[in-house]
1. Just name the residue that is surrounded by the most Cβ atoms within 10 Å (Cβ to Cβ) out of those in the range 282-303 that are at pLDDT below 95 and in a loop (DSSP other than H, G, I, E, B).
2. Please count how many residues of the range 27-52 are closer than 21 Å to Arg223 by Cβ and small (Gly, Ala, Ser).
3. Which one of the conditions (1) without any contact (Cβ under 8 Å) to a residue 60 or more places away in the chain; (2) assigned to a loop (DSSP other than H, G, I, E, B); (3) closer than 18 Å to Asp262 by Cβ does Ile35 fail to meet, given that it meets all the rest?
4. One residue is enough: does the range 213-227 have a residue meeting the conditions under 15 Å from the mean Cα position of the chain (by Cα), part of a loop (DSSP other than H, G, I, E, B), assigned by TED's automatic domain parsing to the domain that holds Gly71 and of a type in the set (Phe, Trp, Tyr)?
5. Check the range 233-240 and report whether any residue there is at pLDDT 70 or above, within 24 Å of Val59 (Cβ to Cβ) and within 17 Å of the chain's Cα centre (by Cα).
6. Would you say Thr187 is of a type in the set (Val, Ile, Thr), under 22 Å from Glu94 (Cα atoms) and modelled with pLDDT of 95 or more?
7. Would you point out the residue of the range 38-57, among those that are modelled with pLDDT of 75 or more and touching a Phe, Trp or Tyr at 6+ places or on another chain (Cβ under 9 Å), that is nearest to Tyr267 (Cα to Cα)?
8. Please list, ordered by residue number, the helices (runs of 4 or more DSSP H) wholly in the range 48-163 having 1 or more residues that are among the small types (Gly, Ala, Ser), within 15 Å of the chain's Cα centre (by Cα) and buried (at least 19 other Cβ atoms within 10 Å of the Cβ).
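The values are calculated or read from the model by the stated rules, or taken from the named source; none is laboratory data. Worth saying up front: this structure is predicted, and the values here are computed from it rather than measured. FYI the Cβ positions are ideal-geometry reconstructions off the backbone, even for glycines, and counts take in every protein chain you see.
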Amino acid sequence: MKREVTLPVIDTPPEQIAAGLLGSRPAPAISVSDIPAVNVASVPQRSPLRYPGGKTWLVPHIRHWLAEPCGVLVEPFAGGGIVSLTAVMEGLAERALMVDLDRDVAAFWRAALMHGDDLAELVLTFDVTRESVTELEQRCPGDVVAHGFRTLVLNRTRRGGVLAPGASLTRSGENGNGIGSRWYPDTLAGRLAAITEHADRLTFCEGDGAAVLEMTADIDGVRMFVDAPYTAGGKRAGSRLYAHNAVDHRRIFETLADAGTDFVMTYDCCDEITELVAEHRFHAVTVEMRNGHNTRVPELVITRDRLFA
């Protein structure tokens with residue numbers, strides 16, 4: 001006589017069962033970096049752009065990471081390009097490839113790298129007023145220098161340096177100095193001159209940063225600095241600050257994991273990213289930053305090997 005066998009009911013979701021079988025580990029506690037964030041005034045300001053989410057504060061980490069200089073540094077989401085500029089100008093990388101999908105940002109970098117003297121001349125002769133900036137904003141640029149100059153002017157005169165559609169011009173400005181409070185012609189011309197001096201070692205590509213990352217990540221001698229828009233974990237900052245903000249964050253992690261390349265990656269500290277760090281067995285530390293509202297917020301610095309803690 002056969003006995004009926006009653007199987008137990010399993011309520012555990014399939015993805016949790018799979019994770020257990022595969023040996024996935026829970027998200028680790030995140031340590032604080034041994035290298036503190038620095039006052040940006042103590043670090044050379046090399047980029048003419050006031051880029052939202054700029055990484056000047058990260059320069060000490062980059063110097064530590066590239067203590068043994070690399071052949072090529074790739075920055076797939078370049079923005080203001082401070083890491084590429086620092087690496088090349090300080091001899092931490094022989095060459096750098098900067099990539100950005102934003103056509104206005106692309107126009108600036110093309111103008112800065114190929115027509116730096118002409119761009120600097122426009123900077124030195126421009127009279128910043130609300131009327132002149134508004135007129136420039138509404139004018140269709142005739143060539144790459146005019147387009148790059150327009151990008152620079154709007155970046156330096158809009159609130160927070162935001163170039164995304166709908167961004168407003170500065171009102172009171174720094175110390176109440178109005179729309180021109182962040183427009184320093186001599187300083188900007190000097191930064192452009194330094195970029196021109198190193199232009200033969202800097203390459204810019206307008207395109208999809210994630211796609212370029214996939215194409216270059218497994219090339220010998222390449223190191224990656226990845227600073228994608230902060231849209232993970234439902235964050236809205238990236239969608240508000242950048243015209244191109246749709247990013248597949250998992251795709252970035254998987255590309256870096258598969259390629260085995262050496263990288264530094266920065267992200268907003270949120271559950272989605274810390275889970276990806278754990279899943280791919282990367283290492284992360286936090287660095288406490290002050291945002292535009294003077295609030296202390298932690299940012300993640302992610303690496304393949306343990307570098308900063």
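1. Step by step, filter the range 282-303, then rank; the result is Asn291.
2. Residues in the range 27-52 being closer than 21 Å to Arg223 by Cβ and small (Gly, Ala, Ser): 2 in total.
3. (1)
4. No - not one qualifying residue is present in the range 213-227.
5. Within the range 233-240, the first condition is being at pLDDT 70 or above, and the residues that meet it are none.
No, there is no match, as no residue in the range 233-240 is at pLDDT 70 or above, within 24 Å of Val59 (Cβ to Cβ) and within 17 Å of the chain's Cα centre (by Cα).
6. On the way: of a type in the set (Val, Ile, Thr): yes; under 22 Å from Glu94 (Cα atoms): no; modelled with pLDDT of 95 or more: yes.
Considered against the rule, which asks whether it is of a type in the set (Val, Ile, Thr), under 22 Å from Glu94 (Cα atoms) and modelled with pLDDT of 95 or more, Thr187 comes out as no.
7. Lys55
8. The qualifying helices (runs of 4 or more DSSP H) are 82-89, 103-114.
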